[in-house]
Every structure is written in structure tokens, then in C-alpha cells.
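Visitor: First the structure, which I've put down as C-alpha cells, then a few questions once you've had a look.
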Amino acid sequence: MLSGMYSANIKRFLFFNIVTVLLLATVACNKKAEEDENEIAVTPAMVAVKNFYIQPNDKVMAHLDSVFFSIDLKTGVIFNADSLPKGTDVKKLVPSITFANTMTKAELVFINEDNETVTTNYLTTPTDSIDFTQPVKLSVVAQDAVNSFEYLIKVNVHTQDPDELVWSELATSDLPARYPNPVAQKTIARDNTVYSLIEEYNGEYTLAISSDIYQGTWQTSIFNGVTNPKVSTLTSTDDQFYILDTDGNLYMSSDFESWNPAGVTWINILGQYGSSILGIKEENGIFLHTRFPQTTNTQEKEVSSDFPIYYSSSLAQIDTEWADNPMAFLACGLTESGYYSSAIWGYDGNNWVTLDENTLPGLKSPMLARYVVYRNTNYLFTEREFDVWLILGGVKDNGEMNRDVYISYNNGVTWVLAPESMQLTETVPSLEDADVIVAGYRLSADLADAWTMIENTKTRASYTIEGTTVSWICPYLYIFGGYENEMENHLNTSIYRGVLERLKFIPNI
């Protein structure tokens with residue numbers, strides 16, 4: 001506790017001194033103009049709040065006194081950028097206020113739960129509890145009885161669960177087909193662009209491209225680059241698109257317009273691996289792991305009988321500095337014999353091995369997505385952003401649709417059931433053979449009136465500041481296509497968007 005308080009006090013001391021120096025410089029620059037207008041120059045240091053925190057109260061929250069409050073001497077705002085947990089009772093808190101100089105007046109004015117205005121003299125009754133459910137005014141007068149200042153104190157509390165994964169149906173954007181009742185689709189993302197290949201009810205094919213999926217704007221065109229494409233196999237690397245036709249012939253294109261045969265025949269594409277793609281081929285009745293383009297050390301190895309050659313999740317690739325080759329994994333799927341696999345299979349560039357086999361149910365066509373969550377650290381009242389993987393959707397071997405969301409904190413090695421706050425809501429139907437992608441959208445907020453920052457979190461990796469406007473990239477999950485019942489071939493044409501609530505909150509900068 002002492003070390004946490006010492007660290008917090010150092011932060012407050014440095015913040016105070018930096019802001020005070022800047023304000024004194026501002027006052028000096030404007031002194032002549034103020035004198036010309038016969039105004040009295042207020043010296044910020046004379047009425048400055050040097051330190052502010054809330055006294056300990058374990059009934060309200062553990063380590064309450066370690067919550068850091070920013071003190072903005074320019075705008076007169078005192079606030080906690082990291083909001084307290086949802087539901088925290090702030091009606092009876094005792095503040096601790098330290099002033100830079102002696103004050104002749106320090107009054108706290110607040111509205112109590114009976115909607116009455118209450119004024120408390122902090123200098124004579126510093127242990128009085130204050131109702132912080134609304135902003136509290138702190139009026140101070142310096143020892144010279146001339147310099148005065150008024151602060152707004154805001155104890156921010158989350159109004160929503162920041163760790164809730166909220167889904168909504170996009171009212172402005174259904175699947176961008178050219179005709180009603182499409183029968184199949186495959187959606188992928190590359191270079192901040194979303195590509196959706198759609199099989200129409202009349203046998204035609206549509207290519208839809210969006211560089212702003214958040215707004216639901218699409219450019220559509222007729223796709224005839226490959227005769228009889230197997231839509232579900234559409235895959236891309238950083239510089240090529242790949243797809244199989246219904247006979248298993250592999251085609252490739254650099255621009256999605258001109259397609260050329262690759263000269264190989266596969267039964268399935270597993271996904272991207274580096275600058276290549278991994279797949280399954282059949283040769284003389286034997287299923288083999290294969291790769292295109294092949295490298296000098298490519299070895300086509302026989303597929304294990306319990307490996308899912310069809311209907312697995314997408315292939316996830318993980319680059320790591322501790323290995324010469326990228327790591328990759330996929331989840332579940334159907335084996336050659338039709339068995340519903342529950343295993344995670346990992347690939348190191350040469351061999352496939354099973355990882356977690358005990359957590360997931362056997363699933364056909366689940367979705368796999370990389371996302372982020374926040375977890376508590378050992379430091380008081382701080383959380384850290386973690387990259388995680390999510391598995392959702394799919395159908396079980398008994399025909400039941402999977403509603404559970406699973407999460408991995410260690411790049412797919414082990415899995416657990418995701419927290420309740422991240423489970424699917426009724427907004428999202430149960431789906432198999434759907435696609436999930438992550439696409440960023442730039443959000444912005446005005447920092448000019450800091451105390452209105454009701455929701456907040458740690459700084460996102462990408463943000464910019466222009467004047468008092470801060471903007472940051474918020475990653476959204478999008479679900480495309482899929483079927484609600486594997487016995488009924490009705491393609492879902494709604495697009496669902498999900499986001500972890502705290503990722504929309506104003507960054508703590």
C-alpha cells in the first residue's frame with residue numbers, strides 16, 4: 001500500500017509541477033494585456049490543489065485511496081481518468097485535499113441523495129463525507145483574500161460493464177448480394193479492405209469490396225474469374241488471392257480480376273502460412289498435407305486419421321521472435337471418417353501436432369478470431385491489454401448449434417470458456433460456416449472538457465491528438481454469412497458487429 005501511494009504521489013507531484021510551470025508562463029505572457037484591462041491577475045500557484053485522493057473505504061472498494069486523480073489547473077477540473085467499476089457507490093466518500101498554499105476558504109458544494117444542495121467547509125470539517133454522484137464544486141480563496149478559484153471534482157464510474165462484448169445487427173448493411181436469397185458466401189479481409197465473394201441464387205457470382213465496412217459501403221461487380229468456384233475456399237496471402245473450383249483445381253490472382261491456374265489439384269485449402277497457403281490433397285487414395293508455392297524443404301506428409309480435413313476453423317498464424325518459422329493453428333472440423341474433432345492442431349512449418357483436446361466440444365465449421373481483452377495486473381487498480389483468440393459458433397455432432405464462446409490467452413495452446421460478459425447475446429443467432437473478421441474504425445472525442453470523460457481505459461496502441469480532439473482505432477468484430485440450421489440451406493444475410501465496450505472509451509492519455 002505504501003509503495004503504491006508513494007508512486008501515486010510522485011505522479012501527482014510531477015503533474016502538478018509541470019502544469020503549474022506552464023500556467024505561470026501563460027500568466028506572464030498575458031500579464032500586460034490583463035493590466036491594460038485593469039484586471040487583477042490571478043496567480044494559479046496561490047490557489048492550486050496540490051494533491052487529491054479518496055480516503056480508504058473497503059466497504060466501497062479495495063484500495064480506493066490508490067485511485068489516481070488528475071488535477072487540471074487550467075480548466076479547474078479534478079477527475080479520475082480510469083473510471084471506477086460499474087455500480088461503485090460514491091454517495092459517501094471522504095476526499096483528501098492538499099493545497100499548495102494556505103487557504104482562507106475551501107468549500108465543497110454538492111447535491112445529496114435528497115436533491116438538496118449541501119455546503120461543507122473543508123478547512124474545519126475535512127472528514128465530512130461527500131456525495132460524488134454528481135460533479136462537486138470546490139471553491140477556494142487564497143490567504144491574500146483576493147485570489148480565488150473554483151474547481152469541478154468528478155469521480156467517474158463506469159455506466160456499462162467495460163468487459164462486455166456487445167453485438168448488434170447492422171441496420172445499414174446486409175450481405176452485399178446483387179439478388180435476393182444468395183446461397184453461399186466467403187468473406188476475408190486484407191490490407192484494411194474486406195472482400196466478399198457471393199454465390200447468387202441463379203448461379204451467378206458477385207464480388208463485393210469495402211474499404212469502410214463500419215459504414216457498410218460496398219462496391220459490387222459480377223465475378224467470372226473462375227468457372228464454378230468453390231466459394232468457401234477463398235483465401236489470401238499478402239500478395240495473392242487463391243480459390244479452388246468445384247473440381248479441386250487451384251487458381252490464383254494478384255488483383256481479383258485475372259485468375260490463373262496454379263497447376264495443382266487439392267480437396268481443401270486450410271489457410272495462409274507466410275507467403276504460401278496450406279492445403280490437403282488426395283493421391284492414390286491417401287490424403288496428404290501440402291503447400292503452395294512449395295519451398296525447397298516442403299515435404300508432403302500423410303494426414304493423420306484424426307486430423308480435420310474439412311470444415312475446420314480458419315487457419316491462424318502467429319509470428320514469434322523465438323522461432324524460425326511462424327506458428328499456426330486451427331480448431332475442430334471433420335476428419336476423413338466424418339468424426340467431429342474437438343482438438344486444436346498446431347503447425348510449426350514442418351509438422352502438425354495436437355494441442356488442447358479436452359476443452360472444446362467436437363465442432364463443425366466454427367469461427368476463429370483474434371481480439372483483445374483486459375486483465376488485472378499486480379499493480380493496484382491497473383489493467384493490461386492482452387491479445388486473445390476466440391472460438392464461437394459451429395455445430396456439434398448431435399446437430400445442436402454451439403452458443404458458447406471459448407477463449408485462449410496463450411495463442412491457442414489451451415482454451416477455457418470465455419467470461420459471461422463475452423458470451424453471445426440473443427442479438428446474434430447460432431451459426432455454422434460463418435466468417436468472422438476484425439476491422440478497425442477510427443473513433444474520436446473532445447478532451448477540452450475533461451471531466452465529461454465518463455468512460456475511460458488505458459491508452460490504445462494507435463491514437464492521435466489534434467488540438468483538444470483525440471482519435472484512436474477501435475477494433476470491431478464482424479460476422480458474415482453462416483447457416484442457422486445445417487439441415488436447411490438458408491444463408492444468413494445479416495451482418496453482425498461486435499465490440500468490447502471499453503475499446504470505445506476515450507483513451508487515458
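Visitor: So what is the diffusion coefficient of the range 198-345 in µm² per second by Stokes-Einstein at 25 °C and 0.890 mPa s, using a Kirkwood Rh over Cα pairs?
Guide: Values: Rh = 16.7 Å.
In µm²/s, the coefficient is 147.
Visitor: Round to the nearest 10 and report in Å² the accessible area of residue 144, as given by a 1.4 Å probe over the protein chains' heavy atoms.
Guide: 60
Visitor: Between the range 281-303 and the range 357-374, how far is it from one alpha carbon centroid to the other, in angstrom?
Guide: Cα centroid to Cα centroid, the span is 26 Å.
Visitor: Next question, about the same structure. Mind checking which aspartates and glutamates have their C-alpha under 15 Å from residue 504, skipping anything on the same chain fewer than 8 residues away?
Guide: List returned: 82, 161, 163, 164, 385, 446, 455.
Visitor: Within a Cβ distance under 10 Å of residue 274, other residues only, what is the Lys/Arg minus Asp/Glu net charge?
Guide: Numbers: positive: 291; negative: 238, 319.
Once positives and negatives cancel, what remains is -1.
Visitor: Between Rg and the Kirkwood Rh of the range 313-359, both from Cα atoms, what is the Rg to Rh ratio?
Guide: Here Rg/Rh amounts to 1.02.
Visitor: Which entries of 281/396; 281/301; 92/137; 50/154; 59/92; 301/364 show an alpha-carbon separation above 18 angstrom in the structure shown?
Guide: On the way: 281/396 26 Å; 281/301 10 Å; 92/137 16 Å; 50/154 16 Å; 59/92 11 Å; 301/364 24 Å.
The pairs that break the limit, which is 18 Å between Cα atoms, are 281/396; 301/364.
Visitor: Heavy-atom accessible area per residue, the range 187-307, 1.4 Å probe: how many Å²?
Guide: In whole numbers, the range 187-307 has 48 Å² accessible per residue.
Visitor: Could you please state how large a percent of the accessible area of the range 173-288 is carbon and sulfur, counting protein chains only and using a 1.4 Å probe?
Guide: Accessible surface attributable to carbon and sulfur in the range 173-288 totals 39 percent.
Visitor: In nm, to one decimal, how far is the modelled label at residue 420 from the one at residue 296, with both set 7 Å along Cα→Cβ?
Guide: My value for the distance between the label points is 5.8 nm.
The values are calculated or read from the model by the stated rules, or taken from the named source; none is laboratory data. Given the structure is predicted, the values throughout are model-derived calculations rather than measurements. Neighbour counts are summed over all protein chains in view; Cβ atoms, including those assigned to glycine, are modelled from backbone coordinates with ideal geometry. These accessible areas exclude ligands, DNA and RNA; they are computed on the full protein's heavy atoms, side chains included. Shrake-Rupley method; radii C 1.70, N 1.55, O 1.52, S 1.80 Å.
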